[in-house]
Amino acid sequence: MQYIMLDTETDFDGWRKAARSLVLHHVPPGDVTWTVRGGEADLFAPSSPSPIFEVNDGTFNVPGKFVELAKAAILHRDGERFAILYRLLFRLKESHDLIEVATDADVALVTAMAKAVYRDEHKMHAFVRFREIGRERQAHYVAWFEPEHHVVELAAPFFAKRFADMPWSILTPDLCAHWDGHALSFTPGVSKSEAPGEDRLEETWRRYYASIFNPARLNVKAMQAEMPKKYWRNLPEASIIKPLIEDAERMTGAMIANAATDPHKPQKRPEAPMKRKPAADDLETLREEAAHCRACHLYKDATQTVFGEGPKNANIMLVGEQPGDKEDLAGHPFVGPAGQMLDRALEEAGVDRKKVYVTNAVKHFKFVPRGKIRLHQKPITPEIRACRQWYEREVSVIQPDLIVAMGATAAQSVFGKITPIGKNRGRLIELPEGRKALVTVHPSYLLRLPDPEAKVLEYRRFVEDLKIAAGLQKKAARAA
Amino acid sequence: MDVQRKLEILADAAKYDASCASSGTEKRDSSDGKGMGSTAPGMGICHSYAPDGRCISLLKVLLTNACNYDCLYCVNRASSNVPRARFTIDELVKLTLDFYRRNYIEGLFLSSGIIRNPDYTMEQVVSVARKLREEHHFRGYIHLKTIPEADDALIAEAGKYADRLSINIEMPEEASLQQFAPEKDVRAIRRTMGRLRLKLDEAEESRSAKTKARPQRFAPAGQSTQMIVGADSASDHTILHTSANLYGAYRLRRVYYSAFSPIPDASHALPLIQPPLLREHRLYQADWLMRFYGFDVGEIVDDSAMLPLDIDPKLAWALRHRDRFPLDVNRASREELLRVPGFGTRTVERILATRRTTTIRLADLARLHVPRNKALPFIVLSDHRPSPHRLDAAGLIERFKPKATQLGFGF
């Protein structure tokens, strides 16, 4: 039998050194007894630890995950933890993959121990309550806490980083942690009689605790699952838990039974905005009216109506299909990826974008949600038809010479019927009132092409189409 | 009125907002010696729990409960006779720091009634955050309620100081919002959520961009919202459809569901009954199925448009799709495993890691933290195969229903 004595309850380095040596000497787990200096088991140990393990010869690899688990599990209060960890280590030497087998008894046990330690650390972060000793600048903050496992050293750096600007001490029966504004230090545990007295803010904290509680949702079991009674004795708010529970039913009953009282003073209400009837269509009134459009169901799932934009005296009007994800959020047409593609092509073709009115055939974003993204969906004929009134009224205000329909949806809206792109693109088509139309592809079509060569080719064709618009714009500028 | 009394009134006014999270933000601490505070980026810390089972993580208060609006479901509506109070900015800043220093809280969750106009209200809320961050170098968590239609510059400033921003959608349907909250405008709410998402996206892009320029900061813990459940007649299908839409459109971190709860001096237009807590719980489960388990709304809710109350939504789905079961745990894909009743996301990860080395048997279920009763009819293990007769039996559902006496929720 090998007797190993560790310096402290949390002596991971000592355990690691001994365990490494034991494994290298092929000492089976059943032949090792682990003790802690000054601990109870110490009484039965021989006066000196086994000599061969003073020699440290060689190393071997273990999965990083084991080291991480062992560092936590060793802080567990279970007296068997050193032996359990050694047993797992001994088996891991043969098979590294064992650590991934959640169904193995030792792996499950060590994982559960580590989990209990992390939980206790987390609860310590949550439930430590500092009490102010002395006032203001000379104040020192002291807490009394009783952790379930040996987590003081594990939990202390959190408080040092959080409360760097104030000196504090956390007193526990095992070990006390101190921060002086510069460094952490640890001293032996103390008894509860050393705990500080009530803090001046605790009554205010209790008032908050009572007020934030909703008696109509009383659920004591859920509270105790997360805040077990063992922590209550050091929580200043715990003293009012019982009265709050006892009073909850009465308070809820009263809220349900008591009728609402009449308002005792005339209430100021914001004035309703004046609704003015537009005398004639102008862009701003059109935009405002369209913002409340309910002509089809697309408004429901979209953020907002995305109306056209551009100068009122534009002689070219570009019509796209519908706003996309980004346009829907921003409320402006062609600000997303397709818009960037369009800008580039317009510049290359020599069209001055600032003198162009840009809009869409359908003014709400149509999509289906797929988890965290919204997938664009092509609008159908009833939706295009329902939205056409806005396009028509935009045309009558802007009075453009040329309307560029980009994509099939835009072409359907501009011509009032399904109009294939392939057969009609690249040439001027007469519209009523002396206007001309030009049909081309939608810039998002270019974005979707998978073949890079086709992409370049199609982009060139798109720019060529837009050059027709550029020519017209220059002619109009010369005429003006 | 002293600060303690104000705190009682303004905490009471804030408690119907279910959000309390202090998680998911950037890593910060005060080890540079300037100021105080830190964040726990992985998971937030709940410093206490009220007897309603809800966590207390942040100091959750209103700046004032005076409000121009008259939303029927709200305890602070203009026509309610609850006592009114208003913190000064300095009072609230001091209270936050005093509570934080004693380790009572992770930070501040600040909302406000609408006073004067949206911009004025937003400016007041932002002022508290500005003072905490700029003057006191407070590094703790800040959640600010965003007022719809507030000026863009104020929203940008709110995002600079806050970890999380939120705007409540309040009702699952536009019509019920119009009915219950006539001054609120769902279009304005959605437009503002859209603006927040654009700013969140921009900040994310600037963080990942490989330039030396300091990334612009905007609410690293994202945005969230809340929907009240049970005040109007919206079905669970409508509620979940709205959630799916909001998650997709505005990249919300969370949609909170808040069972409509009786409030002091309540309006007669509302159902004053015990809050539908079990329904709220089922909605959260369904929400999780959408976000972490790959379910679509249409799969979760059947034709009745309501989630069953007696069994959880995943089990209900499995019972409607018995042809897909039993599933071989040692072979099935991750996506399939996620659909087995009783299997959580962590269980599935453990199963995938374990079965690379060994096969999974009946005796292993406990160590995988799988509830046997729920999972067994749906799975095949190396030493377990449910009889097909049992899976097809009409009475299978009875196995899962809680005993009548256990139906109560809470106590």
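The values are calculated or read from the model by the stated rules, or taken from the named source; none is laboratory data. Since this is a predicted model, take the numbers as computed values, not measurements. As a convention, Cβ positions derive from the backbone with ideal geometry for all residues, glycine included, and neighbour counts pool all protein chains shown.
So that you can scan it fast, the table gives a plain yes or no per residue for (1) of a type in the set (D, E, K, R); (2) in contact with a His (Cβ under 6 Å, 6 or more places away or on another chain); (3) surrounded by 16 or more Cβ atoms within 10 Å (Cβ to Cβ):
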| site | (1), (2), (3) |
| --- | --- |
| A:PRO167 | no, yes, yes |
| A:GLU203 | yes, no, no |
| A:PHE213 | no, no, yes |
| A:ARG217 | yes, no, yes |
| A:ASN234 | no, no, yes |
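For the list (1) out of contact with any helix residue (DSSP H, G or I) (no Cβ under 6 Å at 6 or more places or on another chain); (2) under 17 Å from B:LEU240 (Cβ atoms); (3) among the aliphatic types (A, V, I, L, M), I need the number of the one condition that B:VAL301 fails.
(1)
State all residues of region B:346-371 that are touching a Gly at 6+ places or on another chain (Cβ under 8 Å) and either at the interface with another protein chain (Cβ under 9 Å from one of its Cβ atoms) or surrounded by fewer than 19 Cβ atoms within 10 Å (Cβ to Cβ) (or both); if no residue qualifies, say none.
B:HIS369, B:PRO371
Got a sec? Which of A:ARG206, A:ARG137, A:ARG217 is touching a helix residue (DSSP H, G or I) at 6+ places or on another chain (Cβ under 7 Å) and without any contact (Cβ under 8 Å) to a residue 12 or more places away in the chain?
A:ARG217
If you check B:ILE89 against the conditions, is it over 24 Å from the mean Cα position of the chain (by Cα), at pLDDT below 95 and hydrophobic (A, V, I, L, M, F, W, C)?
No; evaluated as a whole, the condition is false for this residue.
Tell me, yes or no, whether region A:80-93 has at least one residue that is at pLDDT below 90 and assigned to a loop (DSSP other than H, G, I, E, B).
Within region A:80-93 (the criterion being at pLDDT below 90 and assigned to a loop (DSSP other than H, G, I, E, B)), the answer is yes, since at least one residue qualifies.
Which helices (runs of 4 or more DSSP H) does region B:240-333 wholly contain that include 3 or more residues that are more than 13 Å from every other protein chain (Cβ to nearest Cβ), under 17 Å from the mean Cα position of the chain (by Cα) and not aromatic (Phe, Trp, Tyr)?
Passing ranges, in order: B:277-292.
Just the residues that are within 11 Å of chain B (Cβ to nearest Cβ) and over 20 Å from B:PRO41 (Cα atoms), please, taken from region A:107-134.
Result: A:VAL107, A:ALA108, A:LEU109, A:THR111, A:ALA112, A:ARG129, A:PHE130, A:ARG131, A:GLU132.
Considering only region B:8-16, I want to know if a residue exists there that is buried (at least 19 other Cβ atoms within 10 Å of the Cβ), more than 18 Å from the chain's Cα centre (by Cα), in a loop (DSSP other than H, G, I, E, B) and of a type in the set (A, V, I, L, M).
Yes, the conditions are met somewhere in region B:8-16.
Can you name every residue in region A:164-198 that is over 17 Å from A:LEU235 (Cα atoms) and among the β-branched types (Val, Ile, Thr)?
Listed by number, the residues that qualify are A:THR187, A:VAL190.
Given the condition within 38 Å of the chain's Cα centre (by Cα), closer than 17 Å to A:LYS300 by Cβ and either without any contact (Cβ under 8 Å) to a residue 12 or more places away in the chain or within 14 Å of another protein chain (Cβ to nearest Cβ) (or both), answer yes or no: does some residue in region A:377-399 qualify?
yes
Mind checking which residues of region B:1-26 are aliphatic (A, V, I, L, M), over 27 Å from B:GLY230 (Cα atoms) and more than 8 Å from every other protein chain (Cβ to nearest Cβ)?
Result: B:MET1, single match.
It is to be established whether one or more residues within region A:143-151 are buried (at least 16 other Cβ atoms within 10 Å of the Cβ), within 12 Å of chain B (Cβ to nearest Cβ), modelled with pLDDT of 95 or more and out of contact with any Asp or Glu (no Cβ under 6 Å at 6 or more places or on another chain).
Yes, there is a match, as at least one residue in region A:143-151 is buried (at least 16 other Cβ atoms within 10 Å of the Cβ), within 12 Å of chain B (Cβ to nearest Cβ), modelled with pLDDT of 95 or more and out of contact with any Asp or Glu (no Cβ under 6 Å at 6 or more places or on another chain).
Suppose the filter is surrounded by 15 or more Cβ atoms within 10 Å (Cβ to Cβ) and of a type outside the set (Phe, Trp, Tyr); does A:ALA477 pass it?
Spelling it out, it is not the case that A:ALA477 is surrounded by 15 or more Cβ atoms within 10 Å (Cβ to Cβ) and of a type outside the set (Phe, Trp, Tyr).
Quick check on this structure: which one of B:ASP52, B:ASP29 is facing chain A (nearest Cβ under 10 Å), more than 21 Å from the chain's Cα centre (by Cα) and in a loop (DSSP other than H, G, I, E, B)?
B:ASP29
Within region B:55-82, count every residue that is facing chain A (nearest Cβ under 9 Å) and in contact with a helix residue (DSSP H, G or I) (Cβ under 8 Å, 6 or more places away or on another chain).
The total comes to 5.
Identify the residue in region B:215-239 that is part of a loop (DSSP other than H, G, I, E, B) and hydroxyl-bearing (Ser, Thr, Tyr) and, among all such residues, is nearest to the chain's Cα centre (by Cα).
B:SER235
Filter region A:337-372 down to the residues that are surrounded by 21 or more Cβ atoms within 10 Å (Cβ to Cβ) and under 30 Å from B:GLU299 (Cβ atoms), then identify the one that is nearest to the chain's Cα centre (by Cα).
Per the criteria, the residue is A:PHE367.
Conditions: (1) within 13 Å of another protein chain (Cβ to nearest Cβ); (2) farther than 27 Å from A:TRP168 by Cβ; (3) free of Cβ contacts under 8 Å to residues at least 40 places away in the same chain; (4) not aliphatic (A, V, I, L, M). B:GLU157 meets all but one. Number of the miss?
(1)
Condition first: touching a residue at least 60 places away in the same chain (Cβ under 8 Å) and at the interface with chain A (Cβ under 10 Å from one of its Cβ atoms). Now tell me which residues in region B:160-189 satisfy that.
The answer is B:GLU173, B:PRO182, B:GLU183.
Rundown of residues vs (1) in contact (Cβ under 8 Å) with a residue 12 or more places away in the chain; (2) over 20 Å from A:VAL101 (Cβ atoms); (3) basic (Lys, Arg); (4) in contact with a Phe, Trp or Tyr (Cβ under 8 Å, 6 or more places away or on another chain), yes/no style:
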| site | (1), (2), (3), (4) |
| --- | --- |
| B:ALA318 | yes, yes, no, yes |
| B:LEU327 | yes, yes, no, yes |
| B:ARG331 | no, no, yes, no |
| B:ARG334 | yes, no, yes, no |
| B:ARG350 | yes, no, yes, no |
| B:THR354 | yes, no, no, no |
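Looking at region A:342-396, which of its residues are small (Gly, Ala, Ser), in contact with a helix residue (DSSP H, G or I) (Cβ under 9 Å, 6 or more places away or on another chain) and more than 19 Å from A:ALA470 (Cβ to Cβ)?
Across region A:342-396, the qualifying residues are A:ALA361, A:GLY371, A:ALA386.
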